Amino acid sequence: MEVDPVSGQWSVDGLPMILVPRHLITNNLHAVEERIGYDASTTLFRAPGYHSAQQWCAHQAARHGLKGAAVVRHYLEHMSRRGWGRFTIEELDLDRGRARVRLDDSALAARAVGPQRSACYMFAGWLEGAVDHVRPRDATGVRSREIRCRAAGAEHCLFTVDET
Ligand SMILES: [Zn+2]
């Protein structure tokens, strides 16, 4: 982590960063869900999450000379080190556009979203962006879903990625 002595801006590995308390993120999510509804909120955060993951992967792949599955692994390792939760890849098949990612201790699952609901839907767009980033340009798009969530009583959260 570097702090520019003049501007005070933070960066990690060449990317500008902002350190915020976790409650800022969860309070923002609650505010959006209250205003536009849970379902609309899951849709709203998908595209920016997708684009942000793609930006991150492009930057890091170029900086570290990574390709293919190594980019996705690198991405999830870093997100795991930054307090979002511990991501573990259980399956990753880029040719078929499939993945299964376990998430323990999700930073978003501590909040209440109601029974049978995914609290960590924000990560679905991230996973789609990361997997899509290393798929061939003409490949079918992928869709990620959180199929089990700690907030809904599961032992850990679980995401799948499949071709659309
Ligand atoms: Zn979850």
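The values are calculated or read from the model by the stated rules, or taken from the named source; none is laboratory data. Here the structure is a predicted model, which is why all the values come from computation and not from measurement. Cβ sites come from the backbone with ideal geometry, for glycine too, and all protein chains shown count toward neighbours. SASA here: full protein model, heavy atoms, side chains in, ligands and nucleic acids out. Shrake-Rupley method; radii C 1.70, N 1.55, O 1.52, S 1.80 Å.
Hey, got the dipole for the chain? About the Cα centre, +1 on K and R Cβ, -1 on D and E Cβ, debye to the nearest 20?
Values: 21 positive and 20 negative charges, 24 e Å.
With only Lys, Arg, Asp and Glu charged at Cβ, the dipole is about 120 debye.
Counting charges near Met17 (Lys, Arg +1; Asp, Glu -1) among other residues having Cβ under 10 Å from its Cβ returns a value of -1.
Using only the Cα atoms of segment 114-164, build the gyration tensor, take square roots of its eigenvalues as a ≥ b ≥ c, and label the shape rounded, prolate or oblate: rounded if a/c is under 1.5, else prolate if a/b is larger than b/c, else oblate. Write out the running numbers ahead of the final one.
Working: a/c = 3.26, a/b = 2.99, b/c = 1.09.
Cα axes put segment 114-164 in the prolate bin.
Residues considered: Val72, Val20, Val32. Largest GNM mean-square fluctuation over the chain, using C-alpha springs under 10 Å, is found at Val20.
In this structure, the amide hydrogen of Arg148, modeled 1.01 Å from its nitrogen in the peptide plane, lies closer than 5 angstrom to those of Leu158, counting only residues at least 5 positions away or on a different chain.
May I ask for the net charge around Ala99, where only other residues with Cβ less than 13 Å from the Cβ of Ala99 are counted and Lys, Arg are +1 while Asp, Glu are -1? Mind dumping the intermediate values first?
Numbers: positive: Arg73, Arg96, Arg98, Arg100, Arg102, Arg135, Arg143, Arg145; negative: Glu90, Glu91, Asp93, Asp95, Glu128, Asp132, Glu146, Asp162, Glu163.
Net charge in that neighbourhood comes out at -1.
Using a probe of 1.4 Å, the accessible surface attributed to Arg117 totals some 100 Å² when neighbouring protein chains are kept in position. Calculated [222 nm] ellipticity per residue, helices only, for the chain: -13500 deg cm²/dmol; basis is -39500 (n - 2.57) per DSSP H run with n ≥ 4, divided by all residues, nearest 500.
Considering only the other residues whose Cβ falls under 15 Å of the Cβ of Thr140, what net charge follows from Lys and Arg at +1 and Asp and Glu at -1?
Details: positive: Arg96, Arg98, Arg135, Arg137, Arg143; negative: Asp93, Asp95, Glu128, Asp132, Asp138, Asp162, Glu163.
Taking every Cβ under 15 Å from that of Thr140, the sum is -2.
One compactness figure for segment 46-135 is 1.08, namely its Cα radius of gyration divided by 2.2 N^0.38 Å.
Select from segment 3-70 those trypsin sites (Lys or Arg not before Pro) which occupy a DSSP coil region and have at most 15 other Cβ atoms within 10 Å, ordered by residue number.
Working: sites: Arg22, Arg35, Arg46, Arg63, Lys67; in loops: Lys67.
Filter output for segment 3-70: Lys67.
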